[in-house]
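Right, one structure below, let's go through it.
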Amino acid sequence: MVYNLNMNKTVLVILGVLAVLVIWGFSSYNNLVSLNEQVDAQWAKVETQYQRRFDLIPNLVNSVKGILTQEQTIFGDIAEARTRYSGATSANDKAAAASQVESAFARLLVIMENYPQLQSSSNVRDLMTQLEGTENRISVERTRFNDMVRDYNVSVKKFPRNMLAGLLGFGERAYFESAQGAEVAPTVNL
């Protein structure tokens, strides 16, 4: 009888431990799914701001084109970068294409600074103000995206959840990083 009672306690303890592990597994899985979705949602916010930028840039380019016909290379670079962004399928490809837009756009801004008649145009001035606001929004959303990626990556890497994450296919996500050479200001020789 004592043997049977001890065996029942052992079975109950084992069942209790298994129940805790199953609950932990479900909880961890749900947490990883939530974090992964938050990263995706934040990237969508970054893309929304990119789209706003891409919608504004053609208007600015068209306003500037009328005054600066000799700077066709930059206009072509901007159009090519927008096309590359539209065709990108992954977040990393889209980030690279967005960096290409930023580079061409920075050269356009340098040119505009060298032409005071552009700055006096109300169209150009209004579009520049909108683009400055958009650039600030992009910066904020990129920072939030990287924060979300950090939270997700920490969750995926921490023990013992890292074992479960590996089994369930949750891997590390890439941070948004600036394009190589972005720290160097563009120079334009007219």
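Suppose we filter the range 141-180 for residues that are closer than 23 Å to Lys94 by Cα and in a loop (DSSP other than H, G, I, E, B); how many remain? Looking only at that region, the number is 11.
Could you go through the range 120-130 and let me know if any residue there is part of a loop (DSSP other than H, G, I, E, B), modelled with pLDDT of 90 or more and more than 14 Å from the chain's Cα centre (by Cα). No, that holds for no residue. For the range 44-54, the count of residues that are at pLDDT below 75 and either touching a Phe, Trp or Tyr at 6+ places or on another chain (Cβ under 9 Å) or assigned to a helix (DSSP H, G or I) (or both) is zero.
Among the numbered conditions (1) at pLDDT below 90; (2) closer than 17 Å to Val46 by Cβ; (3) part of a loop (DSSP other than H, G, I, E, B), tell me where Pro186 comes up short. Here Pro186 clears every test but (2).
Beta carbons closer than 6 Å, at least 6 apart along the sequence or on distinct chains, pair a first residue in the range 121-139 that is closer than 11 Å to Val46 by Cα and hydrophobic (A, V, I, L, M, F, W, C) with a second that is buried (at least 18 other Cβ atoms within 10 Å of the Cβ) and modelled with pLDDT of 75 or more for Ile138/Gln49.
The values are calculated or read from the model by the stated rules, or taken from the named source; none is laboratory data. All figures in this text were calculated on a predicted structure; none of them were measured in a lab. Methodologically, a virtual Cβ is constructed for each residue, glycine included, from the backbone with ideal geometry; neighbour enumeration extends over all protein chains shown.
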